[in-house]
Amino acid sequence: SMVSLFDEDYPDFWAKVRVIFEVEKEYERDTTRTDTDFAKDPFVVYISGIDTEGPLSYRSRSDVNILMFVNPNKGEILQVSLPRDLYLPIACRNDQKDKLGHAGVYGVNCSIDTIENFMNLEIDLFARVNFTSFISIIDVIGDIEVYSEYSFYPQELPSFLVRYGMNTMNGEQALAFSRERKKLPGGDITRGLNQQEVIKGIIRKLTSPSQIFRIESIINQTAKSVDTNATSDDLLKVVNRQITQNINWNFTSKSMVGDGVMLPSANDPERLIYYMMPRQEVYNEIQALIAKTMND
C-alpha cells in the first residue's frame with residue numbers, strides 16, 4: 001500500500017523499479033460504532049473511495065472523501081467533499097501533516113480519525129468502495145440518473161458523451177464520470193461535486209417505489225462490494241424509516257476548497273509536492289451548513 005505514495009511523488013517510479021516479490025499481510029480493523037439510533041436520530045456517513053481494483057481488503061489512497069449529513073426528520077442531506085490534497089494532521093501518524101488521501105494507506109480508521117479531528121464531529125457510519133465494487137453496486141440497482149454541469153467525453157471512457165443536464169448512466173459510465181477531473185473547470189473540486197451527483201442518483205434510485213421494497217435483496221447482493229461498519233439492523237432501521245415516512249430528500253452540495261501550495265513531501269522532505277491549504281472562511285461556512293442541516 002505504501003507504493004502508492006511513492007508512485008504519486010515520483011511520476012517515473014514504475015519506469016525505474018519492478019516487482020520481484022509480493023507479500024500479503026492481514027490487519028484487523030477496529031470496529032467504529034456510535035450510540036446513534038438510526039430509527040430516530042440524524043446521522044453522519046463517511047464515504048471513502050480508494051483508487052484500486054479487485055478486493056476491498058487492499059489498502060490504498062482514499063481519493064474520494066465525502067461526508068453525508070443525513071437528517072430524515074427534515075428530509076435533508078448535506079454532502080461535503082474533502083479533496084484528497086487537503087493538508088491535514090494525519091491522526092495515526094502522530095498528527096504529521098500530509099495529504100488527506102494518504103491517510104487511507106494506513107486504513108479506513110486513520111481516515112475517519114483524521115476527518116473527525118479536522119471537522120470536530122463524530123462519524124456514525126462509513127462505506128468504503130473501490131473501482132470494482134462501485135460498478136458492481138450500480139449494476140445491481142440498475143442505471144441511475146446523474147446531473148452534469150458540463151458536456152464532455154471522460155478520459156476513461158472516451159466513447160461516452162456526458163451531456164449538460166441529466167444523464168442515464170450504468171456502472172462503467174458513472175465511474176468514468178466520477179473519475180474525470182482534467183477535462184473539467186475546477187479540476188478536483190468539480191470532480192468531488194460530480195461524485196456527489198452520482199451518490200444523489202444512487203439514493204434517488206434506491207428510494208424510488210420500484211426499488212425500496214427490494215432493498216433487502218439489494219443489500220444482500222452488494223454486501224461484498226462495500227466495506228462498512230453498518231449492521232443489517234442499522235440498514236433496516238434506515239429503510240423502514242424511509243418506507244413509513246416516504247421521505248422526499250432535498251440535497252445540498254458543498255466542497256472544501258483551499259489554496260494550492262508547494263511544500264516538502266511528508267515522505268521525502270527534499271522534494272516539493274502540491275498540497276491544498278484549507279480556507280478558514282469556507283470551513284466556517286461548512287460548519288454553519290452542518291448545524292443548519294442536523295439541528296431540528
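Quick notes
- Sequence-separation-based contact order of the chain, relative, with Cα cut under 8 Å and 6+ spacing, percent: 21 percent
- Think of each Lys and Arg Cβ as +1 and each Asp and Glu Cβ as -1; about the Cα centre, that makes the dipole of region 1-127 roughly 140 debye.
- Long-range HN-HN contacts of Ala230 with modeled amide H, under 5 Å: Phe126
- Karplus-based coupling profile of region 100-105, in residue order and whole Hz: 3, x, 6, 4, x, 4, with θ = phi - 60° in 6.51 cos²θ - 1.76 cosθ + 1.60 and x standing for Gly or Pro.
- Peptides ranked, highest mean first, by Cβ atoms within 10 Å: ranges 234-241, 121-128, 96-103, 246-253: 96-103, 121-128, 234-241, 246-253
- Extension gain, Tyr27 to Arg271: 0.36 nm times the residue separation minus the Cα-Cα distance gives 84.8 nm.
- Sulfur and carbon atoms: percent of accessible area, the chain [1.4 Å]: 49 percent
- Of the residues Phe13, Phe134, Phe21, the one that moves most in a GNM of the chain with alpha-carbon contacts below 10 Å is Phe21.
- With θ taken as phi - 60° and the Karplus curve 6.51 cos²θ - 1.76 cosθ + 1.60 applied, the whole-hertz 3J(HN,Hα) list for region 72-78 is x, 5, 10, x, 10, 10, 9 Hz, x standing for glycine and proline.
- Estimated from helices alone, the mean residue ellipticity of the chain at 222 nm is -10500 deg cm²/dmol (sum of -39500 (n - 2.57) over DSSP H runs with n ≥ 4, per residue).
- Under Karplus coefficients 6.51, -1.76 and 1.60, residue-wise ³J(HN,Hα) of region 219-231 in Hz, glycine/proline x: 4, 5, 6, 9, 3, 7, 9, 9, 8, 8, 9, 6, 8
- Label-point separation, Asn117 to Arg204 (7 Å along Cα→Cβ), nm: 3.8 nm
- Proximity of backbone amide H atoms, modeled 1.01 Å from N, is registered between Ile273 and Leu263, Ser265 at under 5 Å, excluding neighbours fewer than 5 places apart on the same chain.
- FRET efficiency, 1/(1 + (r/R0)^6) with R0 25 Å, evaluated for Asn250 and Ser151 via beta carbons: 0.45
- Three-way shape label, region 97-235, alpha-carbon gyration tensor, a/c 1.5: oblate
- Ordering of 64-73, 85-94 by packing [mean C-beta count within 10 Å, highest first]: 64-73, 85-94
- Accessible solvent surface per residue of the chain, calculated while the other protein chains remain in place, 1.4 angstrom probe, Å²: 51 Å²
The values are calculated or read from the model by the stated rules, or taken from the named source; none is laboratory data. Given the structure is predicted, the values throughout are model-derived calculations rather than measurements. A quick note on method: Cβ atoms are made from the backbone with ideal geometry, for glycine too, and the neighbour counts reach across all protein chains shown. Note: accessible area is taken over every heavy atom of the protein model, side chains too, but ligands, DNA and RNA are not part of it. Shrake-Rupley method; radii C 1.70, N 1.55, O 1.52, S 1.80 Å.
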